[in-house]
Amino acid sequence: MEASTALRRIAFLLERSQAATYRVKAFRTAADAVTAMDGDELANRVAQGSLESVRGIGPRTAEVIRESMAGGTPRYLERLEEEASEPLAQGGEPLLAALRGDCHTHSDWSDGGSPIPEMGRAAAELGHEWTVLTDHSPRLTVANGLSPERLRRQLDVVAELNEQWAPFRLLTGIECDILLDGSLDQEPELLERLDVVVVSVHSKLRMDAAAMTKRLLAAVRNPHADVLGHCTGRLVGKRTRPESQFDADEVFAACAEAGTAVEINCRPERLDPPRPLLRRAVAAGVLFSIDTDAHAPGQLDWQIYGCARAEECGVPADRVITSWTADRLLEWTRGKAPG
């Protein structure tokens, strides 16, 4: 195994297990440092014991490099692979096997931690046929949301990458803020150009239930909206945030009528919607999108969390849009858009 490959695989597995960001960054930084050297320089530094003098390489990452250069699998990587052999969640495997893509992922163009090519390659390596890139919209400045100009540039980048990646497809998209009046935070002309539009609330999460219901109804009925993201906005675990209050039955009925899918968000700190609401969404007859909301490559492996909850709550596999082919998905989203 090449040293850079081993370092990136370690970073992936650390992200998958929710390790601290600084630990992940150390291995990705070291991988970049190795990539920047030619083979002779790397071999000479290993022989001379001078790896640690290279900016971005520390004692732990140097050990991984030396063991890779010696022709073996680094011991640290072996240990992480063994730990990764244990399932992240119990159940959901048949549904996971049926999934073909992911409708909600982020890159370093907004608040993700990795470049677009790295996210796309990781998705392809996991066996995805397609993945949607959904960086944030402009109003979410804390997440470096994309202005219309930046989003247009991103569309060109994605088009260029897709010329290289076939048959894997990186679909264009956005996680579009639902504004206070229920309108969407991006130019309609741009939303119409995108393959998939995820709509989410990120502000005023504690607003009155009646007002939040009206806000969500306007959003999910918008013909540009394809997926309602993390509908309650809750956070669980170490950092908690209560669920937004709204008339779930009315909102899910509107989703079913408009053909807007309800996201089953797989992030361990979200797991949104909660089980009682997920069961009500099933009863309402909505479509579902099992999405990782990944902000780093290793998080793309989190779909099992959503699959396990979907199985537990009786989500029919034939109503999960992330099990569809890219062509079927695009036929659906284009059929919903105006014009």
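Every number here is computed from the coordinates shown, using simple stated rules; none is lab data. Computed from a predicted model, the values in this text were never measured in an experiment. FYI the Cβ positions are ideal-geometry reconstructions off the backbone, even for glycines, and counts take in every protein chain you see.
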Region 191-220 to region 240-286: how many Å between their Cα centroids? 12 Å
Within the set of other residues whose C-beta is less than 12 Å from the C-beta of LEU151, count the net charge using Lys and Arg as +1 and Asp and Glu as -1. -3
Placed amide H near LEU235: partners under 5 Å, 5+ positions off or other chain: ARG241
Which residues in region 296-311 place their backbone N less than 20 Å from a point set 7 Å from the Cα of GLU83 along the Cα-to-Cβ direction? 296-305
About its Cα centre, how strong a charge dipole does region 1-106 have in debye, to the nearest 20, once Lys and Arg get +1 and Asp and Glu get -1 at the Cβ? 300 debye
Neighbour net charge for LEU217 - beta-carbon separation under 13 angstrom, K R +1, D E -1: -2
Expected unfolding gain across TRP165-GLN18 under the 0.36 nm per residue rule, minus the alpha-carbon gap, is 50.1 nm
Can you tell me the length gained on complete extension of the stretch ALA43 to ALA70, counting 0.36 nm per residue apart and subtracting the Cα distance? 8.7 nm
Compare ALA11, ALA284, ALA33 in a GNM of the chain, Cα atoms joined below 10 Å, and give the one with the largest fluctuation. ALA33
Value of [θ]222 nm, deg cm²/dmol, for the chain, DSSP H segments ≥ 4, -39500 (n - 2.57) each, nearest 500: -14000 deg cm²/dmol
Please work out how many pairs of lysine residues in the chain are eight or more positions apart (or on different chains) and have Cα atoms closer than 30 angstrom. 5
Most fluctuating residue given options ALA143, ALA166, ALA317, as computed from a GNM of the chain linking Cα atoms under 10 Å: ALA166
Beta bridges per DSSP with both ends in the chain, % antiparallel, nearest 5: 10 percent
Full extension from ARG206 to ARG55: what is 0.36 nm times the residue separation minus their Cα-Cα distance, to one decimal in nm? 49.8 nm
Of PHE168, THR240, GLY182, which is farthest along the charge dipole of region 155-279 in the positive direction, counting Lys and Arg as +1 and Asp and Glu as -1 at C-beta? THR240
With N set to the number of residues, divide the alpha-carbon radius of gyration of the chain by 2.2 N^0.38 Å and report two decimals. 1.04
Environment charge at LEU180 (Cβ cut-off 12 Å; Lys +1, Arg +1, Asp -1, Glu -1): 0
